[in-house]
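Heads up, the thing below is written out as structure tokens.
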Amino acid sequence: MRDFLNEGNFAKEIKQTVLPTLQAARTDQTLTAPDGTPLYTCHYAAQEPRGTVVIVHGFSETAEKYHEFIYYLLREGLSVLTFDQRGHGRSGRDAAVGVIHVRRFDDYISDLEQILAAYRDSLTAPLFLFGHSMGGGISALFLEKHGDVFEKAVLSAPMIDLLYRGITRLACRAACRFCMLTGRAKKAVFISKKDYENEPFERSSALSPARFAYLREGRRTAPHMSGGAPSYAWSAAALGVCRRIFRKKAPTRVKIPVLLLSANRDHLVCNEAQARFAAALTNATLTQVKSKHEILFANDEVLHPVLNQILDFYANP
């Protein structure tokens with residue numbers, strides 16, 4: 001029987017138990033991508049490791065978002081490797097502060113390839129993957145390209161495709177392309193600016209006030225945790241992810257077990273595309289979670305069973 005943090009004493013337990021445990025296990029390192037972009041990485045070593053989980057975070061996030069989840073993984077004997085993706089957190093960026101920019105998602109994939117290569121000799125096998133939202137989309141593309149790196153993968157509310165409200169993907173991409181051609185590739189999409197530091201809980205993608213408050217306080221006190229808006233180039237690239245994921249039966253190349261968690265109240269990414277992707281995989285389990293997009297920031301009633309499912313999935317042969 002696993003013991004998880006409860007919302008009633010969440011703030012106290014995070015500060016008194018979780019953070020000291022993580023700090024004792026943590027080693028930070030900054031790598032350099034071939035194009036010169038600094039890539040901030042963080043490795044948490046379990047005391048008697050039986051494997052390693054690599055976490056690929058989502059859009060406008062950082063590695064620091066996953067403290068609670070990393071704590072549970074360490075208790076299970078799983079070391080953790082996480083990092084800030086380019087344009088996020090303490091990694092380098094190629095646009096103004098507050099703007100998240102890439103021209104192609106291949107940059108994210110090559111960054112993950114380089115980080116894994118740099119840590120190859122220090123990671124305890126087997127390797128497991130965890131990708132959330134944008135990180136889930138990147139993870140899907142990575143798995144289609146590299147079928148033998150990870151033993152298992154968990155995709156949390158993965159960005160297999162975005163949701164389009166009253167406009168088609170083609171129209172969205174055409175608008176982004178026009179803005180790129182007129183010199184605004186690195187500019188923030190004008191309708192996307194968001195005040196992460198002052199976002200009210202009611203408008204968030206979380207179901208747990210306590211977990212949301214911890215994340216928001218981190219963004220207020222640590223500048224590198226502040227979110228950002230997508231550039232027009234990032235948006236154009238993101239709009240093409242779905243087509244890339246499904247091209248030429250690419251999902252059938254993923255042979256490892258995949259657990260896909262789909263949030264039934266998601267207003268950011270497409271549940272239907274997630275279901276299509278899971279159906280196209282060789283060995284996938286699709287779980288519908290009664291949650292908003294931020295599944296790991298759901299209330300105890302929702303989150304605790306999900307955590308048990310994830311940890312059991314990694315533990316079982």
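The values are calculated or read from the model by the stated rules, or taken from the named source; none is laboratory data. Note that the structure is predicted; figures quoted are calculated from it, not measured. Please note: Cβ atoms are built from the backbone with ideal geometry, for glycine as well, and neighbour counts cover all protein chains shown.
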Pick from segment 222-234 the residues that are buried (at least 22 other Cβ atoms within 10 Å of the Cβ) and not hydrophobic (A, V, I, L, M, F, W, C): which of them is modelled with the lowest pLDDT?
-> 228
Please give the number of the condition residue 219 fails out of (1) among the charged types (D, E, K, R); (2) within 30 Å of residue 126 (Cα to Cα); (3) free of Cβ contacts under 8 Å to residues at least 60 places away in the same chain; (4) surrounded by 14 or more Cβ atoms within 10 Å (Cβ to Cβ).
-> (2)
Can you tell me which residues in segment 273-299 are surrounded by 18 or more Cβ atoms within 10 Å (Cβ to Cβ), out of contact with any Lys or Arg (no Cβ under 6 Å at 6 or more places or on another chain) and not aromatic (Phe, Trp, Tyr)?
-> 273, 274, 278, 281, 284, 289, 291, 293, 294, 295, 296, 298
Can you tell me how many residues in segment 62-77 are crowded, with 22+ Cβ neighbours inside 10 Å and either touching a Lys or Arg at 6+ places or on another chain (Cβ under 6 Å) or not in a helix (DSSP H, G or I) (or both)?
-> 1
What is the number of the single condition among (1) over 20 Å from residue 161 (Cα atoms); (2) touching a helix residue (DSSP H, G or I) at 6+ places or on another chain (Cβ under 6 Å) that residue 289 does not meet?
-> (1)
Pick from segment 235-272 the residues that are touching a residue at least 60 places away in the same chain (Cβ under 8 Å) and basic (Lys, Arg): which of them is surrounded by the most Cβ atoms within 10 Å (Cβ to Cβ)?
-> 244
Test set (1) modelled with pLDDT of 95 or more; (2) over 21 Å from residue 303 (Cα atoms) - residue 103 fails condition number = (1)
Can you pull out the residues in segment 163-209 that are modelled with pLDDT of 90 or more and among the acidic types (Asp, Glu)?
-> 202
Qualifying residue in segment 288-307 (condition: under 23 Å from residue 53 (Cα atoms), more than 16 Å from the chain's Cα centre (by Cα) and in a strand (DSSP E or B)) | yes
Those residues of segment 1-25 which are out of contact with any His (no Cβ under 6 Å at 6 or more places or on another chain) and more than 20 Å from residue 217 (Cβ to Cβ), in sequence order | 1, 2, 3, 24, 25
Going by the conditions given, is residue 279 of a type in the set (A, V, I, L, M), more than 28 Å from residue 100 (Cβ to Cβ) and assigned to a helix (DSSP H, G or I)?
-> yes
Please find, among 177, 244, 184, the residue that is in contact with a Phe, Trp or Tyr (Cβ under 9 Å, 6 or more places away or on another chain) and within 17 Å of residue 99 (Cβ to Cβ).
-> 184
All positions within segment 20-54 that are assigned to a helix (DSSP H, G or I) and surrounded by 14 or more Cβ atoms within 10 Å (Cβ to Cβ) | 21, 22, 25
For segment 195-216, name all the residues that are charged (D, E, K, R) and without any contact (Cβ under 8 Å) to a residue 60 or more places away in the chain.
-> 195, 197, 199, 202, 203, 216
